[in-house]
Amino acid sequence: MLRSRMGRTVWTLRRRILVVGTLACLLLATVGISSPASARRDIVFQLFGSRTAGWGFTNTSLTRPGPTIEVWVGDNVTLNLTSLDGRTHTWFIDYDNNSQRDAVEPRSNPFGPSRTPVLWNFTVSNVTGTFRYRSDRGSDVNTMWGNITVSPEGTGSFLDLGVVVVGVIVLAIAVVAIIAFVARRSRSMPPPPPPEEDRPSP
């Protein structure tokens, strides 16, 4: 009877180890699935421009250079463009930094001289790196510029990657600790008594 109970206990412990291992694999797989994946995004940037003050995301935060814009290849980007100085401007990506718009460089429709916003949409092309964005009207190219960074599609931030890595490490430590605890309990159990026929007579 005791041997039967001991056998059942060992089997229970082994089954627990198996369940813990299975759950660990499932959780690790879930972490992998939930990590940032490639996805094209719809993004809207509101930009205000002035020849003397530069660019800004608000009408009170214009700077020279303007704010940095970060996008992924394939993103569907909409710019909401407003002129604040009564002049007409444009927005374009100056891939080769030659201060003029070339045929392959995306450029918005003109906006201004009124403060009526102009919406312009483009899809980010497969050209990665950090480039200048500018207005190509007159001396705008010297004062109305900022940086735009184009990253490969689906690129997660360093913070996103760090959260995933830390989560995996914590999960792995917890799984190893549970398995070690169960295994230690299994080893510390007393051996079953010898069969009745093998016991010395009193």
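Overview of results
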| read-out | value |
| --- | --- |
| Residue-by-residue Karplus 3J(HN,Hα) for segment 90-105, coefficients 6.51, -1.76, 1.60, Hz, glycine and proline x | 9, 9, 8, 9, 9, 4, 9, 6, 9, 6, 8, 7, 9, 4, 8, 9 |
| Vicinal HN-Hα couplings computed from phi for segment 55-66 (Karplus, 6.51 cos²θ - 1.76 cosθ + 1.60; Hz; Gly/Pro x) | 10, x, 6, 10, 7, 10, 10, 5, 9, 10, x, x |
| Fully extended contour minus Cα-Cα distance, from residue 44 to residue 68, at 0.36 nm per residue | 7.3 nm |
| Simple label model, 7 Å out from Cα along Cβ direction - residue 130 to residue 52, nm | 3.0 |
| Segment 44-151: radius of gyration over Cα atoms, expressed as a fraction of 2.2 N^0.38 Å | 0.95 |
| 11 Å beta-carbon shell around residue 94, net charge (K/R +1, D/E -1) | 0 |
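All of the numbers you see were taken from the coordinates with simple rules; none came from a lab. These figures come from a predicted structure and were not determined experimentally. Cβ coordinates were reconstructed from backbone atoms using ideal geometry, including for glycine residues, and neighbour counts include every protein chain displayed.
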